[in-house]
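Structure first, then comments.
The values are calculated or read from the model by the stated rules, or taken from the named source; none is laboratory data. Fair warning: this is a prediction, and the values are worked out from it, not measured in the lab. Quick reminder, even Gly has a Cβ in these numbers, built from the backbone with ideal geometry, and neighbours come from all protein chains shown.
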Ligand code: UDX
């Protein structure tokens with residue numbers, strides 16, 4: 001498809017999802033306008049600065065800006081004028097007082113955009129929403145947009161993983177198009193032409209199914225993680241080894257080894273809030289029982305954090321008061337500076353509240369961690385955090401932590417004790433170097 005026939009895209013909401021989508025689509029050859037109500041964010045992006053940590057994205061932002069195909073604005077009027085296909089990429093965080101998703105930003109952004117839609121265009125929801133939201137948004141657009149019912153709404157869930165966001169956007173393992181007409185499908189195919197040409201499979205379905213695909217996928221992933229962590233609890237009670245158990249299960253190609261890594265469990269801006277919102281929505285629909293297991297998945301996951309704290313307490317003889325702890329990791333997973341619902345920081349602050357002196361180090365998330373947890377101490381490197389520590393706790397499996405030599409760490413700590421919250425280290429090597437090594441679900 002030549003550049004002249006490509007639809008012009010707008011991306012409303014330039015957070016993690018939206019900024020990545022806008023930048024990648026411009027690199028793929030589309031004219032893209034990124035829109036956000038946050039003036040500061042727009043200024044930073046327009047100046048070539050990605051406001052969060054994502055490998056590969058800063059280089060692509062520079063490239064996209066240099067191509068002249070990517071611009072940013074805070075004006076919805078400009079967006080309405082410009083775009084043929086408008087992507088809604090705003091957040092749906094958990095509500096403060098319930099497990100439901102807060103969809104107010106989705107309604108706000110869609111309504112604001114709709115006021116400026118004067119011709120037949122496609123609006124595409126990418127945000128993770130409770131099933132049924134798209135139908136309401138379609139009504140909102142029809143009643144708000146000057147072009148009224150000429151405007152169509154489609155749903156296109158996003159599956160990108162932080163840390164791999166560029167590759168997941170450029171080479172998606174599938175595209176899901178939830179559409180209400182053949183015209184909408186055609187527009188979406190044009191909006192994803194490069195990905196389709198290079199072989200990404202497309203599932204075309206209705207909007208409700210598309211909304212559900214996202215929460216069903218995240219629920220499955222969360223369940224798989226909690227499954228192996230439930231096995232870890234059983235291993236802990238019997239003295240069996242969940243690490244070997246997971247290895248053995250993974251050879252069964254029906255089970256597979258991905259998302260079967262036992263440890264401190266899942267966190268982040270998606271899995272925890274998505275399973276809660278899904279269970280909440282299912283309850284509203286009268287099918288709460290069908291996904292009641294998700295509450296157990298959540299509970300198993302939360303228990304991992306408490307068990308990690310217990311393991312540290314055991315290792316120091318039962319009392320955390322005054323114990324000096326080095327916490328390696330703050331981000332919810334490696335290759336990210338995201339600390340939303342991060343198991344690592346949850347554990348670090350629980351240890352601190354129990355009387356320990358906790359010194360945290362993370363290669364990317366220190367600034368974010370400091371802002372939210374000013375009560376914790378922070379080191380400048382892993383070894384700096386471990387200086388005179390009574391126990392080292394590995395909480396996020398950054399590769400630089402995996403590569404630490406036990407002898408180097410031994411030379412700075414007060415006691416050679418380590419809790420490997422992520423099963424990231426080789427116990428034989430650490431024990432061989434004189435360390436007391438402990439990991440959840442391992443003897
Ligand atoms: C997730 C989904 O993977 C993605 O498709 C969706 O779009 C958004 O939510 P993300 O939050 O970036 O992506 O992280 P992911 O890589 O899925 O990891 C989630 C959490 O699970 C992390 O805290 C990770 O440490 C944990 N995890 C993952 C495990 O504890 N064990 C595993 O085996 C895998």
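Have a look at 300, 325, 339 and point out the one that is surrounded by fewer than 23 Cβ atoms within 10 Å (Cβ to Cβ) and in contact with a helix residue (DSSP H, G or I) (Cβ under 6 Å, 6 or more places away or on another chain).
Details: 325 fails: surrounded by fewer than 23 Cβ atoms within 10 Å (Cβ to Cβ); 339 fails: surrounded by fewer than 23 Cβ atoms within 10 Å (Cβ to Cβ).
Going through 300, 325, 339 in turn, just one is surrounded by fewer than 23 Cβ atoms within 10 Å (Cβ to Cβ) and in contact with a helix residue (DSSP H, G or I) (Cβ under 6 Å, 6 or more places away or on another chain): 300.
Matching residues to (1) within 11 Å of the ligand (Cβ to nearest atom); (2) surrounded by fewer than 17 Cβ atoms within 10 Å (Cβ to Cβ); (3) closer than 29 Å to residue 150 by Cα:
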position: 165; (1), (2), (3): yes, no, no
position: 172; (1), (2), (3): yes, no, no
position: 184; (1), (2), (3): no, no, yes
position: 200; (1), (2), (3): no, yes, no
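Suppose we filter 393, 412, 358 for residues that are in contact with a helix residue (DSSP H, G or I) (Cβ under 7 Å, 6 or more places away or on another chain), within 16 Å of the ligand (Cβ to nearest atom) and on the phi < 0 side of the Ramachandran plot; which single one remains? Walk me through how you get there before you give the answer.
Numbers: 412 fails: within 16 Å of the ligand (Cβ to nearest atom); 358 fails: within 16 Å of the ligand (Cβ to nearest atom).
Result: 393 is the single residue among 393, 412, 358 that is in contact with a helix residue (DSSP H, G or I) (Cβ under 7 Å, 6 or more places away or on another chain), within 16 Å of the ligand (Cβ to nearest atom) and on the phi < 0 side of the Ramachandran plot.
If you check residue 327 against the conditions, is it touching a strand residue (DSSP E or B) at 6+ places or on another chain (Cβ under 9 Å), under 24 Å from residue 442 (Cβ atoms), within 16 Å of the ligand (Cβ to nearest atom) and not in a loop (DSSP other than H, G, I, E, B)?
yes
Identify all residues within region 344-363 that are crowded, with 22+ Cβ neighbours inside 10 Å and part of a loop (DSSP other than H, G, I, E, B); write none if there are none.
356, 362
Could you go through region 148-158 and let me know if any residue there is assigned to a loop (DSSP other than H, G, I, E, B), buried (at least 17 other Cβ atoms within 10 Å of the Cβ) and within 12 Å of the ligand (Cβ to nearest atom).
Looking only at region 148-158, we keep the residues that are assigned to a loop (DSSP other than H, G, I, E, B), and these are 151, 156-158.
Still in the running and buried (at least 17 other Cβ atoms within 10 Å of the Cβ): 151, 156-158.
When the remaining residues are screened for being within 12 Å of the ligand (Cβ to nearest atom), the result is 157-158.
Yes, some residue in region 148-158 is assigned to a loop (DSSP other than H, G, I, E, B), buried (at least 17 other Cβ atoms within 10 Å of the Cβ) and within 12 Å of the ligand (Cβ to nearest atom).
Considering only region 1-89, give the helices (runs of 4 or more DSSP H) lying wholly within it that have at least 2 residues that are under 16 Å from residue 165 (Cβ atoms) and in the same structural domain as residue 184 (by TED's automatic domain parsing).
16-27, 57-67
Just for region 65-82: of the residues that are out of contact with any helix residue (DSSP H, G or I) (no Cβ under 8 Å at 6 or more places or on another chain) and within 19 Å of residue 150 (Cα to Cα), which one is surrounded by the most Cβ atoms within 10 Å (Cβ to Cβ)?
This residue is 82.
Suppose we filter region 247-290 for residues that are buried (at least 21 other Cβ atoms within 10 Å of the Cβ) and away from the ligand (no atom under 15 Å from the Cβ); how many remain?
Number of matching residues: 2.
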